[in-house]
Every structure is written in C-alpha cells, then in structure tokens.
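A short write-up of the structure that comes next.
The values are calculated or read from the model by the stated rules, or taken from the named source; none is laboratory data. What you see is a predicted model; the values in this text were computed from it and never measured. Neighbour counts are summed over all protein chains in view; Cβ atoms, including those assigned to glycine, are modelled from backbone coordinates with ideal geometry. To get the accessible areas, we keep the full protein, side chains included, count just its heavy atoms, and leave off ligands, DNA and RNA. Shrake-Rupley method; radii C 1.70, N 1.55, O 1.52, S 1.80 Å.
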Amino acid sequence: MTSKLAADCIFCKIIQGTIPSSKVLETKLSYAFLDLQPLSKGHVLVIPKHHAQFLHQVPDEHLADMLPVAKKIAAALGAENYNVLQNNGSLAHQAVNHVHFHIIPKPCEEQGLGVRWNSLKPTQEDLKNTLQEIQKKLEGNV
C-alpha cells in the first residue's frame with residue numbers, strides 16, 4: 001500500500017486529526033466526513049488517505065476502496081436521488097487540491113447539485129478520431 005500525506009493540505013490534516021471533522025466512516029485507505037458547506041442535508045466527502053490532486057495520481061488500491069465507501073454512504077443516506085461528483089483541477093471546479101468524491105443527496109429541485117450541460121456537437125468523424133486518439137494512448141498504458 002502506497003500512502004503519503006501533505007503537510008499543507010487541509011484534507012491531509014483532517015485525516016491526521018489535526019483539524020476536526022464530522023467523521024462518517026473510515027477505512028484503512030479512505031476517510032469520509034460531512035461537508036462543511038453542504039449542498040443538501042447529508043452531503044459527504046470521501047477522500048483517499050493518500051495525497052494526490054488528480055484522480056489519475058491516486059494509487060489503485062485507494063481508488064478500489066473509495067467507491068465501496070461511497071456506495072455504503074449513499075445507501076445509508078437513503079436518498080432516492082443523489083449525485084456522486086469528483087472534480088479534477090480548477091477549471092473543473094476543484095476547490096481543494098486533494099482528490100475527493102462528493103456524495104450529494106438531491107431531495108428536491110432547490111437542494112443538491114445543480115448541473116448545466118454544455119454539450120459539443122461532434123460529427124461522426126470527430127467521434128471516430130477522438131476514439132482512435134484515446135485508444136492509441138491506452139494501448140501503452142493498460
């Protein structure tokens with residue numbers, strides 16, 4: 001198991017217990033706590049006990065632990081509708097530079113996550129080219 005924490009990261013400090021949190025669930029590799037600025041009642045953050053800004057930097061064993069934790073929390077919340085959100089980088093609205101998943105209940109239209117989808121209008125040729133680019137990059141990394 002690969003683990004590392006950053007001295008200047010608020011989430012790493014929460015994991016270490018130097019900053020208090022409302023812990024919901026903790027495993028060997030993950031830590032879940034209530035969001036201090038919730039979008040709805042029960043809004044929980046699930047973080048790896050490994051400091052990384054981007055999802056692709058988190059060791060696989062931590063990622064494999066985080067989704068079952070998120071699933072347990074979503075089930076415990078009992079929300080019929082909810083979002084699981086994970087942002088990477090400031091343009092993607094990542095506010096804390098430590099990977100985290102939001103579990104956000106959506107009890108009504110006025111609460112929870114609001115999403116605006118600005119979709120592109122690709123041609124079939126554009127989609128084909130994009131697919132080939134991705135597959136070529138994956139060939140050396142899988």
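Here are some notes:
- Residues in segment 10-140 average 67 Å² of solvent-accessible surface per residue, probe 1.4 Å, ligands and nucleic acids excluded.
- Surface composition of the chain: carbon plus sulfur atoms hold 54% of the accessible area, using a 1.4 angstrom probe and ignoring ligands, DNA and RNA.
- Within a Gaussian network of the chain (alpha carbon springs, distance under 10 Å), most fluctuating of 52, 64, 92: 92
- Lys/Arg +1, Asp/Glu -1 at C-beta; the chain dipole; positive extreme among 111, 76, 86: 76
- Exposure rule at most 14 other beta-carbon atoms within 10 Å, DSSP loop GluC sites (Glu not before Pro): the chain longest free segment: 1-79
- Rounded FRET efficiency, nearest 0.05, which uses the C-beta distance separating residue 75 from residue 41 and R0 of 22 Å: 0.85
- Zone of residue 16's modelled label, taken as backbone nitrogen in segment 50-65 under 14 Å from a point 7 Å along Cα→Cβ: 50-51
- Taking Cα centre as origin and charging only the Cβ of basic (Lys, Arg, +1) and acidic (Asp, Glu, -1) residues, the dipole magnitude of segment 1-60 rounds to 120 debye.
- Helix-only arithmetic for the chain: the sum of -39500 (n - 2.57) across DSSP H runs with n ≥ 4, divided by the residue total, places the mean residue ellipticity at 222 nm at -9500 deg cm²/dmol.
- Residue of 111, 132, 86 that the Gaussian network model of the chain assigns the largest fluctuation, springs spanning Cα pairs under 10 Å: 132
- Within the listed set 121, 49, 28, the residue fluctuating most in the Gaussian network model of the chain (springs between alpha-carbon atoms under 10 angstrom) is 121.
- Neighbour-limited loop hits for chymotrypsin sites (Phe, Trp or Tyr not before Pro), segment 69-142 (at most 12 other Cβ within 10 Å; DSSP other than H, G, I, E, B): 117
- Crossing angle, helix 60-77 versus the chain [Cα axis fit, 0-90 degrees, rounded to tens]: 70
- Overall form of the chain: oblate. Here a/c, set by the Cα gyration tensor axes a ≥ b ≥ c, is 1.5 or more, and a/b is not larger than b/c.
- Helix 124-139 and the long axis of the chain differ in direction by around 60°, with both axes built from C-alpha atoms.
- For the chain, lysine pairs with C-alpha atoms less than 19 angstrom apart, excluding pairs fewer than eight positions apart on the same chain, total 22.
- Rounded, prolate or oblate (a/c below 1.5 giving rounded, otherwise prolate when a/b exceeds b/c) for segment 68-142 by Cα gyration tensor: prolate
- This model, with +1 at the C-beta of Lys and Arg and -1 at the C-beta of Asp and Glu, gives the chain a dipole about its Cα centre of some 200 debye.
- Cα gyration tensor shape of segment 24-103, rounded if a/c is under 1.5, else prolate or oblate by comparing a/b with b/c: oblate
- With a cut-off of 11 Å on the backbone N, no residue of segment 95-109 is near the modelled label site 7 Å out from residue 23 along Cα-Cβ.
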